[in-house]
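Single-structure report; data block below.
The values are calculated or read from the model by the stated rules, or taken from the named source; none is laboratory data. From a predicted model like this one, the values you see are computed outputs, not experimental measurements. Ideal geometry is used to build each Cβ from the backbone, glycine not excepted, and the neighbour counts take in all protein chains shown. Only protein heavy atoms, including side chains, enter the accessible area calculation; ligands, DNA and RNA are left aside. Shrake-Rupley method; radii C 1.70, N 1.55, O 1.52, S 1.80 Å.
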Amino acid sequence: MSQITTFEINEPLDMHLHLRDGEMLKLVGPLTSNTFSGALIMPNLVPPVTTKEAMLSYKERIKEACSGDDFEPYLTLFFKDDYSYEFLEDVKDDIIAIKLYPAGITTNSENGVSSMNIETLRPTLESMSKLGIPLCIHGETNGFVMDREKEFMPIYESIASNFPDLKIIMEHITTKDAVELLDKHENLHATVTLHHLLITLDDVAGGMLQPHLFCKPIAKRNEDKEALLNAALKAHPKLMFGSDSAPHPKHKKECCGCAAGVFTSPIILQVLTELFEENGALDNLNAFVSLNAQRIYNKKPIKKTIKLVKKDFIVPAIYEAHGENVVPMYAGEKLAWSIEN
Ligand code: DOR
Ligand code: ZN
């Protein structure tokens, strides 16, 4: 069999992305918009995006930062349990989803919900369900760090069965349990990151501590990684790619009290191509990185074809511009695939 040396990805979509704001947005925005057709933008700014004005002006700043590229940012709002039906009706055509964070569970989530009690959430969830606004959830309890996602499973189940018409996305799943839950409720979907397909806790903390691999949810066991990878490689129809690429400046990662987040934007398509190729699953990559999301979110993205070639790519040690900097995953390492310019 002849060796594959080129591969095309059409309309790549990143359905979970942190672009931040200000100078960091100017640095990282183009590192997604140059290769992706669209991305779902997380609202955990300081303060979080909770009004129509804040959301629309953030969208403008993103478009400005990415102005050289054909790229569609899909905006989200930060979940609050007191959004009125009228407010949600007014904003619904400008957002793709609403993101729910339990308070304090991760970066900039202090204003998240303090109780996951279904009755507290009911009014907003009922409105969202009626209006057809999808709910993205950071599904972790504040229990023992390795069990946080597993402990959240009953909460996912309770929301899914109480609101059967609400489209729910379990964000950045990291466990076998979450993969299995996908098939139990019709209205549950999920995103998975690149890094959770590649690493376990051993890669983060098994040897010298690797701050650039530290994220929430923390990478789990090998059996979890295998379950996630199998689901991605077969392009499980309820699973989408969402990088959770989360830039923090180098000094906030290489320090005492390291911020959570792995920055993957500039390496995603190259590494996914290598991963799917080595597992004989390239035929499923377009579904995993675009078609599943198009179907689940009912979106027609901007046309964009990215051509990958089997040629070494040395990942930059750091990306710097506008007075900001960020260290990518695999900094300084050699990848087998490059993006053709
Ligand atoms: O590692 C993470 N970083 N997980 C999240 O959920 C948030 C993100 C960030 O915003 O830095
Ligand atoms: Zn995130």
### Task
State, as an integer percentage, the relative contact order of segment 255-341 based on alpha-carbon contacts under 8 Å between residues 6 or more apart.
35 percent
### Task
Could you give the size of the charge dipole of segment 6-339 about its Cα centre, using +1 on the Cβ of each K and R and -1 on the Cβ of each D and E, expressed in debye and rounded to the nearest 20?
440 debye
### Simple label model, 7 Å out from Cα along Cβ direction - S67 to Q210, nm
3.9 nm
## Note on the structure
Within segment 105-187, DSSP-loop chymotrypsin sites (Phe, Trp or Tyr not before Pro) with at most 10 other C-beta atoms within 10 Å are F144
### Task
Could you calculate the contour length gain from S114 to L131, that is, 0.36 nm times the residue separation minus the distance between their Cα atoms, to one decimal place in nm?
3.7 nm
### Proximal lysines to K130, defined as alpha-carbon separation beneath 20 angstrom and excluding residues fewer than eight positions away on the same chain
K52, K80, K92, K99, K167, K299
### Task
Determine how many Å³ per residue the convex hull of the Cα atoms of the chain encloses.
129 Å³
### Message
I need the GluC sites (Glu not before Pro) found in segment 270-341, filtered to DSSP loop residues with at most 12 other beta carbons within 10 Å of theirs.
### Response
E333, E340
### Task
Using a 1.4 Å probe over the heavy atoms of the protein chains, calculate the carbon and sulfur portion of the accessible area of the chain as a whole percent.
48 percent
### Task
Compute the acute angle (0 to 90°) between the alpha-carbon long axis of helix 52-65 and the principal axis of greatest extent of the alpha-carbon atoms of the chain; round to the nearest 10°.
10 degrees
